[in-house]
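Each remark here refers to the structure printed beneath this line.
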Amino acid sequence: MFAVLPKPRNLLLRLAALASALWLASCDTGGIGGTGPRINTDAPVPVALLVPGGGGNSGDEFLARGLRQAAEMAIADLQGVKIDLRVYNTGGDPAQAAAVAAQAVNDGAKIILGPVFAEAANAAGRAVAAAGINVLSFSNNTDIAGGNVFVLGPTFPNTANRLVSYAARVGKKRIMVVNEQTGAGEAGARAIVAAIARNGALSAGNFSYPFSQEGVINAIPAIAQRAKSGEVDAIFMTSDTSGALSYLTQLLPEQGVDRAQVQFIGLTRWDIPPSTLALPGVQGGWFALPDPGLNGQFAARYQAAFNEPPHPISGLAYDGIAAIGALVRAGHENALTTAALTQGAGFVGVNGIFRLLSDGTNERGLAVAEVRNNQVIVIDPAPRSFGGAGF
């Protein structure tokens, strides 16, 4: 059963929900083909939502509930589009994800939303590939993207491109990359290096360190020496609060790195957890985040509807339903094919504008923020359309 939700009170969020439908309605998708099922747009469209519930982990249960409730919010906001949402628990397990994905297709699902974790999403995609069913996963791992699997989560390449583009535009072109020696750290570094080349910036060196307290402390002198050479405008770090972020941002200035000359930039969210904003070293640093206006309205509505805050990624479920609803609204039987999903106009969700790419990754309109006095200050707003500043 779905929760009975109050109608959106905020006109801007209502317009955002409607914009996703109106934007796509103006595009003629009648000639679009591609891999995917044919649907009857005059009847409720069966959509499977795969969530990490059922495994007994309290964190996964909170996430599963958040994704389901956000999807229900999006369905309540759709105008003239009927979605038959069917929820399946994966337990966070790839084998179970594959089994329930296959079951969902047997039950009539025309598209799958989720799962969250990369291995589970990959398994689900493989399980339904032969049936031509597309999977819009909540993962941000681009390694699993492609074929019938898309990632909805914010990706390192998209975030890196947004931040490097902005940095180059304001004169911080000579960028040094600093990353931890982990899979995520190396992937993040590759994304930053590619963004530097793409945006006409200049590489000012690459430094990596073992993922340990001793490793980062031992690397600080060499990083600082390079940063003080006069040939570095910015240090782009891949680390987050659970890693070396606090060490890097504190010890580099202590080693003489002039924050007035060298800009600190983060690939991860420096406002999650909120306590990160109180670190002295991150003050003045830049990072990227989804459109805070739309995201804040979503969080307020969610809190009012369910008496709890949303999980940080639960808005992805809203975005997925918004995209599906926009395509179905166009009234074409091929609305959920690969070609339709990857049309260039994009969609509007509670995280701002986004579009799915043919390689299974995504582009999202992100804001650039600066940490000032323990607060998040947007210094370059999230774009509201593709093709302008920020892309």
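Brief remarks follow.
- Among (1) among the charged types (D, E, K, R); (2) under 21 Å from the mean Cα position of the chain (by Cα); (3) surrounded by fewer than 16 Cβ atoms within 10 Å (Cβ to Cβ), the one test that residue 119 misses: (3)
- Hey, residue 242 in a helix (DSSP H, G or I), within 24 Å of residue 376 (Cβ to Cβ) and among the polar types (S, T, N, Q) or not: no
- Here segment 66-93 is the region considered, the condition is being out of contact with any Lys or Arg (no Cβ under 7 Å at 6 or more places or on another chain) and free of Cβ contacts under 8 Å to residues at least 40 places away in the same chain, and the residue that is farthest from residue 307 (Cα to Cα) is 93.
- Residue count, segment 192-218 (criterion: touching a residue at least 12 places away in the same chain (Cβ under 8 Å), surrounded by fewer than 21 Cβ atoms within 10 Å (Cβ to Cβ) and of a type in the set (Gly, Ala, Ser)): 6
- Considering segment 117-227, the qualifying strands (runs of 3 or more DSSP E), each wholly inside and each with 3 or more residues that are closer than 16 Å to residue 363 by Cα and touching a Gly at 6+ places or on another chain (Cβ under 7 Å), run over 149-151.
- If you check 103, 79, 69 for being at pLDDT below 95 and either in contact with a Leu (Cβ under 7 Å, 6 or more places away or on another chain) or not in a loop (DSSP other than H, G, I, E, B) (or both), only one passes: 79.
- Considering segment 270-323, and only residues there that are in contact (Cβ under 8 Å) with a residue 60 or more places away in the chain and of a type in the set (D, E, K, R), the residue that is nearest to residue 370 (Cα to Cα) turns out to be 271.
- Unmet requirement for residue 36, which otherwise passes all of (1) under 28 Å from residue 295 (Cα atoms); (2) surrounded by 21 or more Cβ atoms within 10 Å (Cβ to Cβ); (3) at pLDDT below 85: (1)
The rows are residues; the columns are (1) modelled with pLDDT of 95 or more; (2) more than 19 Å from residue 70 (Cβ to Cβ); (3) acidic (Asp, Glu); (4) not in a helix (DSSP H, G or I).
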residue: 302; (1), (2), (3), (4): yes, no, no, no
residue: 319; (1), (2), (3), (4): yes, no, yes, no
residue: 324; (1), (2), (3), (4): yes, no, no, no
residue: 332; (1), (2), (3), (4): no, yes, no, yes
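- Filtered residue count, segment 357-391, keeping only those that are surrounded by fewer than 24 Cβ atoms within 10 Å (Cβ to Cβ), under 12 Å from the mean Cα position of the chain (by Cα) and in a strand (DSSP E or B): 1
The values are calculated or read from the model by the stated rules, or taken from the named source; none is laboratory data. Here the structure is a predicted model, which is why all the values come from computation and not from measurement. Using ideal geometry, Cβ is built from the backbone for each residue, glycine included, and neighbour counts are taken over all protein chains shown.
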